[in-house]
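A.B. asks: Just dropping this structure here.
The values are calculated or read from the model by the stated rules, or taken from the named source; none is laboratory data. All values reported here derive from a predicted model rather than from experimental measurement. With ideal geometry, Cβ positions are generated from the backbone for all residues, glycine too; neighbour counts draw on all protein chains shown. Surface areas here come from the heavy atoms of the whole protein model, side chains and all, with no ligands, DNA or RNA. Shrake-Rupley method; radii C 1.70, N 1.55, O 1.52, S 1.80 Å.
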Amino acid sequence: AQSVTQLDSQVPVFEEAPVELRCNYSSSVSVYLFWYVQYPNQGLQLLLKYLSGSTLVKGINGFEAEFNKSQTSFHLRKPSVHISDTAEYFCAVRYGGATNKLIFGTGTLLAVQP
Amino acid sequence: GAGVSQSPSNKVTEKGKDVELRCDPISGHTALYWYRQSLGQGLEFLIYFQGNSAPDKSGLPSDRFSAERTGGSVSTLTIQRTQQEDSAVYLCASSLGRGSTEAFFGQGTRLTVV
């Protein structure tokens, strides 16, 4: 079955420390990968996306993610976080095929502490 | 407006009553999604419309849930005989269509069943 796994429900980190939020998806020949962010009391907005080409993609607010086909992963990273990065982060996958629906992981709460 | 619009933003209803949630997608977007976001549950896929194709209803949790999309634009999600476990934020998203394009989300409708 098509699925997306975010193993960490919550990641506490101190300000200015690096962070990695993990995302794995079930294998498929064709996938498009996305990270969305949801700030407190706000809607979801796109952080970055992988469609094709370079496996390292850069997004807004200094975030980047690396597509690893062999490990079916799309981990999100930031070298130095800020308090303002505190939010819920969702990994999403669109599988190629007849349905093309967008499947989300359960989310990871990034809690940045001073 | 230019974004996805959902109404109402908040809805409180009594158990057993029917509710209708409305979504106005971005003009020109042929794909429309409904998701449910519950505390600690991430984004649960409900239904997906793509152009004139038959919708993908595989995520609807029971036959009390239904959705339609009139004229390829506005969509209504209907929940009949609401239960307390239906309480959640219902999110609508739209995208240009098949393939790699990102989905844009509305602010959601917070449904509370009392």
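A.B. asks: Among the strands (runs of 3 or more DSSP E) lying completely within chain A, list those that include at least 2 residues that are of a type in the set (Asp, Glu) and free of Cβ contacts under 8 Å to residues at least 40 places away in the same chain.
C.D. replies: A:64-68
Here's the yes/no breakdown for (1) more than 10 Å from the chain's Cα centre (by Cα); (2) more than 14 Å from chain B (Cβ to nearest Cβ):
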| residue | (1), (2) |
| --- | --- |
| A:11 | yes, yes |
| A:35 | no, no |
| A:39 | yes, no |
| A:71 | yes, yes |
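A.B. asks: While we're looking at this one, here's another question. For residue B:66, work out the one condition from (1) assigned to a loop (DSSP other than H, G, I, E, B); (2) without any contact (Cβ under 8 Å) to a residue 40 or more places away in the chain; (3) more than 14 Å from every other protein chain (Cβ to nearest Cβ) it doesn't fulfil.
C.D. replies: (1)
A.B. asks: Regarding residue A:25, is this residue in contact with a Ser or Thr (Cβ under 7 Å, 6 or more places away or on another chain) and open to solvent by less than 20 Å² (accessible area, probe 1.4 Å)? Write out each step before concluding.
C.D. replies: Details: in contact with a Ser or Thr (Cβ under 7 Å, 6 or more places away or on another chain): yes; open to solvent by less than 20 Å² (accessible area, probe 1.4 Å): yes.
Yes, satisfied.
A.B. asks: Residues of the stretch B:26-59 being assigned to a loop (DSSP other than H, G, I, E, B), closer than 19 Å to residue A:2 by Cα and open to solvent by 30 Å² or more (accessible area, probe 1.4 Å), which ones?
C.D. replies: Keep residues of the stretch B:26-59 that are assigned to a loop (DSSP other than H, G, I, E, B), which gives B:26-30, B:39-41, B:51-55, B:57-59.
Imposing the further condition that a residue be closer than 19 Å to residue A:2 by Cα reduces the set to B:41, B:55, B:57-59.
Within the stretch B:26-59, B:41, B:55, B:57, B:58 meet the criteria.
A.B. asks: Only one residue in A:83, A:60 is within 14 Å of another protein chain (Cβ to nearest Cβ), surrounded by fewer than 19 Cβ atoms within 10 Å (Cβ to Cβ) and touching a strand residue (DSSP E or B) at 6+ places or on another chain (Cβ under 8 Å). Which one? Give the derivation first.
C.D. replies: Values: A:83 fails: within 14 Å of another protein chain (Cβ to nearest Cβ).
Exactly one residue qualifies, and that residue is A:60.
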